[in-house]
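The values are calculated or read from the model by the stated rules, or taken from the named source; none is laboratory data. The structure displayed is predicted, hence computed values, not measured ones. A quick note on method: Cβ atoms are made from the backbone with ideal geometry, for glycine too, and the neighbour counts reach across all protein chains shown. All accessible areas refer to the heavy atoms of the entire protein, side chains included, with ligands and DNA or RNA removed. Shrake-Rupley method; radii C 1.70, N 1.55, O 1.52, S 1.80 Å.
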Amino acid sequence: MNRSEPLVLGIETSCDETGIGIVRGRALLSNTIASSMDEHARFGGVVPEVAARAHLEALQPSIEAALAEAEVSLNEIDAVAVTSGPGLAGALMVGVGAAKALAVGLNKPLYAVNHLVGHIAADILDVTAAPLEYPTVALLVSGGHTSLLLVHDLTGDVELLGETVDDAAGEAFDKVARILGLPYPGGPEIDRAAATGNPDAIRFPRGLSRASDREKHRYDFSFSGLKTAVARWIEQREAAGQPVPVADVAASFREAVVDVLVTKALDACQQYGVPRLLLGGGVIANRRLRDVATARGEAAGVTVRIPPLSLCTDNGAMIAALAAELIMSGREPSTLAFGADSTLPVTEIHVAAST
């Protein structure tokens with residue numbers, strides 16, 4: 001196997017997007033994504049069984065499309081990589097099964113990796129950015145995860161500082177959008193509605209941000225109470241026969257989410273003396289979050305790194321990139337004993353490595 005610039009095919013099926021990526025070392029050759037989002041829209045959220053079936057249907061054509069875009073054949077691949085977790089169990093099983101079949105059929109090494117750490121690895125594929133320095137604080141915000149990490153070494157030492165204790169930020173966007181009568185997915189719809197709203201119109205609560213929360217939940221997140229506060233505010237308006245200012249509610253809700261995310265992330269940078277903050281995950285597509293993080297980071301002397309938006313959502317390229325880093329650092333492949341792990345801890349970067 002080429003360990004200096006390995007050609008890796010990565011498979012990502014942790015939620016509703018079938019991602020196939022191919023990298024050569026740190027060079028991105030293909031990033032193919034097939035989304036089943038439209039199939040979930042009528043349910044107002046991701047249905048695990050629908051997602052798993054969509055992965056089954058999309059995997060083969062997505063792999064063929066990725067190989068064609070990269071202009072390589074399966075036989076040229078040095079290694080196969082796959083998301084082992086965390087994520088939806090049924091969806092993960094589809095990707096894990098396909099990756100094992102490919103690895104055995106091609107007689108290639110297999111690397112099972114962590115989905116959340118993969119989001120950090122996406123930064124490596126940004127050809128316009130300087131090399132990632134360590135340690136770095138990473139804020140990962142998606143539909144299913146909201147985590148704050150301290151990355152000492154991408155391939156060997158990632159520390160969990162905090163995570164959501166209830167809803168992830170992306171889930172909160174979806175639920176508030178539903179309350180406001182906006183379609184799924186809620187993130188882009190809230191963003192559009194908020195464009196003409198006043199973010200200071202309503203002071204919604206900032207979860208786990210009181211002084212009394214700092215001891216046990218300094219870097220944890222909570223968005224369930226915020227969602228409830230929005231619902232109650234709307235109920236009171238409607239009970240009083242007053243119109244609901246959708247734009248102001250959307251902007252004020254978005255501001256509350258962004259404020260908590262950025263405040264806690266920059267607090268971690270200051271506490272640990274790390275002047276670097278990496279943003280990752282699908283919710284980073286929210287322009288207000290990117291703008292506030294960049295502006296407040298600059299004021300605090302913290303460099304904010306944001307991968308290209310095409311690499312922020314779930315994708316196979318980030319999985320391939322993480323595996324390539326593992327290979328180049330001399331890590332051995334996984335055995336075939338691993339399975340899908342919906343609650344895989346972020347500290348387990350490389351799953352079931354052989355000895």
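Which of rounded, prolate or oblate describes segment 77-186 when judged by the alpha-carbon gyration tensor and an a/c cut-off of 1.5?
Verdict is oblate for segment 77-186.
Using label points projected 7 Å from each Cα along Cα→Cβ, tell me how many nm separate Ala27 and Asp200, to one decimal.
Label-label distance for Ala27 and Asp200, simple model: 5.1 nm.
Ranking request for peptides 109-117, 75-83, 266-274, 211-219: highest mean number of other beta-carbon atoms within 10 Å first, then the rest in descending order.
Per-residue Cβ counts within 10 Å, averaged per peptide and sorted highest first, yield 109-117, 75-83, 266-274, 211-219.
Using a 1.4 angstrom probe, figure out how much accessible area the chain has per residue, in square angstrom, rounded to the nearest whole.
Averaged over the residues of the chain, the accessible area is 41 Å².
Give the aspartates and glutamates reachable from Lys108 as a straight Cα distance under 13 Å; neighbours fewer than 8 places away on the same chain don't count.
Filter leaves Glu76, Asp78, Glu332.
I'd like to compare 18-25, 277-284, 175-182: which one has the highest average count of other Cβ atoms within 10 Å, and what's the full order after that?
18-25, 277-284, 175-182
Calculate, for Gln60 and Ala89, the FRET efficiency according to 1/(1 + (r/R0)^6) with r their C-beta to C-beta distance and R0 22 Å; round to the nearest 0.05.
Taking R0 as 22 Å, the efficiency between Gln60 and Ala89 is 0.50.
If the only charges are +1 at each Lys and Arg Cβ and -1 at each Asp and Glu Cβ, what is the size of the charge dipole of the chain around the Cα centre, to the nearest 20 debye?
Using only the charged Cβ atoms, the result is roughly 680 debye.
Mind listing the long-range amide H neighbours of Ser30? Cut-off is under 5 Å, sequence gap 5 or more, other chains count too, H placed in the peptide plane at 1.01 Å from N.
Those qualifying (amide H under 5 Å, at least 5 residues apart or on another chain) are Ile22.
Can you give the direction-averaged projected area of the convex hull of the alpha-carbon atoms in segment 136-306, in nm²?
9.9 nm²
With N denoting the number of residues in segment 206-355, provide Rg(C-alpha) divided by 2.2 N^0.38 Å, to two decimal places.
After normalising by residue count via 2.2 N^0.38 Å, the value is 1.35.
Please give, to one decimal in nm, the separation of the simple spin-label points placed at Glu39 and Arg53, each 7 Å out from Cα toward the Cβ.
Between Glu39 and Arg53, the label points sit 0.7 nm apart.
Taking 0.36 nm per residue of sequence separation and subtracting the Cα-Cα distance, how much length would be gained by fully extending the chain between Ala130 and Arg218, in nm to one decimal?
The span from Ala130 to Arg218 would gain 28.7 nm if fully extended.
How high is the FRET efficiency from Glu71 to Asn107, r the C-beta distance, R0 30 Å, rounded to 0.05?
The calculated FRET efficiency here is 0.85.
Run the helix sum for the chain: -39,500 (n - 2.57) per DSSP H stretch of 4+ residues, divided by residue count, reported at 222 nm to the nearest 500 deg cm²/dmol.
-13000 deg cm²/dmol
Assuming a ≥ b ≥ c are the square roots of the Cα gyration tensor eigenvalues, decide whether segment 70-128 counts as rounded (a/c under 1.5), prolate (otherwise, with a/b larger than b/c) or oblate.
oblate
With a point put 7 Å past each Cα toward its Cβ, work out how far Gln242 is from Leu309 in nm, to one decimal.
3.4 nm
I need the calculated FRET efficiency for the pair His152 and Met1, taking r as the beta carbon distance and R₀ as 35 Å, to the nearest 0.05.
The pair His152/Met1 has a calculated efficiency of 0.85.
Run the paramagnetic zone check for Leu336: 7 angstrom along Cα to Cβ, then residues of segment 78-117 with backbone nitrogen under 15 Å.
Those under the cut-off are 80, 96-112.
Using θ = phi - 60° and the Karplus relation 6.51 cos²θ - 1.76 cosθ + 1.60, list the HN-Hα couplings for segment 182-191 in order, rounded to whole Hz, with x at every Gly or Pro.
Those phi angles translate into 9, x, 8, x, x, x, x, 5, 4, 4 Hz.
Based on the Cα atoms of the chain, what semi-axes does the equivalent ellipsoid have, where each is the square root of 5 times one gyration tensor eigenvalue, given in whole Å with the largest first?
36, 23, 17
If you take every residue apart from Thr164 with its C-beta less than 15 Å away from the C-beta of Thr164, what net charge results, scoring Lys and Arg +1 and Asp and Glu -1?
-1
Round to a whole number: what % of the accessible area of segment 136-306 belongs to carbon and sulfur, probe 1.4 Å?
Roughly 46 percent of what the probe reaches on segment 136-306 is carbon or sulfur.
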